[in-house]
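First comes the structure, then the notes that go with it.
The values are calculated or read from the model by the stated rules, or taken from the named source; none is laboratory data. Since we're looking at a predicted model, the values are computed, not measured. Quick reminder, even Gly has a Cβ in these numbers, built from the backbone with ideal geometry, and neighbours come from all protein chains shown.
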């Protein structure tokens, strides 16, 4: 193996590691959302933070929370699928 090949393989390995870590992070986030009974959005200048929080007894929001959870988990799964395709292309 020459130096150029080693550099190429090292670069691909680093990229693959970043992708795998992101997939793991997204999978954990989806799991937390699935188990959440309420969702909390934190709006900031540079983005939105989505956190799951414990149930506070507000039954009126249950359907809204369920819809948000479904949408968020679907979006996460789509992102995971895209990342897995990128990983396979490496």
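Applying a threshold of 6 Å to beta carbon distances and a minimum spacing of six or more residues, or different chains, the list of pairs starting in region 1-19 at a residue that is surrounded by fewer than 10 Cβ atoms within 10 Å (Cβ to Cβ) and ending at one that is part of a loop (DSSP other than H, G, I, E, B) is empty. Scanning region 33-74 for residues that are surrounded by 14 or more Cβ atoms within 10 Å (Cβ to Cβ), modelled with pLDDT of 65 or more and under 16 Å from the mean Cα position of the chain (by Cα) gives 33, 36, 39, 68, 69, 72, 73.
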